[in-house]
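Asks: Can you keep this structure in mind? I'll have questions shortly.
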Amino acid sequence: MVQVTPDIPVTQQNANSASAEEFKTRTQEIANDICRQAKKIDALIDSLPGVSVSKSDQEREFVELSKEDEAATHELEEAGREARALLEEISGTLKEIADNAGKQTGSPNAASDMSCQ
């Protein structure tokens, strides 16, 4: 152990402590890691959208994206309405087929009695 200050005397070395050279090496490695991580963080910040764009450009882009979102929402709602209409149409057709099959054979379970040929 190295005495860092005269006010705190070193009386005993910790058996598990690293040598002064190893401590210095580890400290340098940690400092290098911190620098690398800081550079990575800076690169990530620089890659964020809008960092180098003016406020008015950001606002313009936001308005444009809002319009696109609104159009996509309307498109999705329309597709949902069309899907529900098709489902109702298909359900009605299947019900008619089942009703007609029952009338032809006279059996209430005619749809399940029929076999594919």
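The values are calculated or read from the model by the stated rules, or taken from the named source; none is laboratory data. Worth saying up front: this structure is predicted, and the values here are computed from it rather than measured. For neighbour counting, all protein chains shown are included, and Cβ atoms are generated from backbone atoms with ideal geometry for every residue, glycine included. For the accessible areas, the whole protein counts, side chains as well, though only heavy atoms, and no ligand, DNA or RNA atoms are used. Shrake-Rupley method; radii C 1.70, N 1.55, O 1.52, S 1.80 Å.
Asks: Place a label point 7 angstrom from the Cα of VAL53 along the Cα-to-Cβ direction, then list the residues of the stretch 59-75 whose backbone nitrogen is under 12 Å away.
Replies: Residues passing the 12 Å test: 59-66.
Asks: Another question, if that's okay. Quick one: go through the stretch 62-90 and flag any residue whose amide nitrogen is under 16 Å from the point 7 Å out along the Cα-to-Cβ line of ALA98.
Replies: Inside the label zone: 87-90.
Asks: I need the shape label for the stretch 22-101. Rule: rounded when a/c is under 1.5, else prolate if a/b > b/c, else oblate, with a, b, c from the alpha carbon gyration tensor.
Replies: oblate
Asks: Hey, another quick one. Go through VAL53, VAL4 and list them by solvent-accessible area, largest first, probe radius 1.4 Å.
Replies: Output order, biggest surface exposure first: VAL4, VAL53.
Asks: Just to be sure I understand the model, the point goes 7 Å from the Cα along the line to the Cβ. What's the resulting ARG36 to GLU68 distance in nm?
Replies: Inter-label distance under the simple model: 3.7 nm.
Asks: Leaving out ligands and nucleic acids, and using a 1.4 Å probe, what accessible area per residue does the stretch 50-94 come to in Å²?
Replies: Details: 3990 Å² over 45 residues.
Normalised by residue count, the accessible surface of the stretch 50-94 is 89 Å².
Asks: Continuing with the same structure: Taking the full set of protein chains and a 1.4 angstrom probe, give the accessible area of SER54 in square angstrom, rounded to the nearest 10.
Replies: 50 Å²
Asks: Within the stretch 19-76, how many Lys pairs that are eight or more residues apart, or on different chains, come under 28 Å at the alpha-carbon?
Replies: Lysine pairs satisfying the spacing and distance rule in the stretch 19-76 number 5.
Asks: Please arrange LYS67, LYS103 by accessible surface area, largest first, computed with a 1.4 Å probe and ligands excluded.
Replies: LYS103, LYS67
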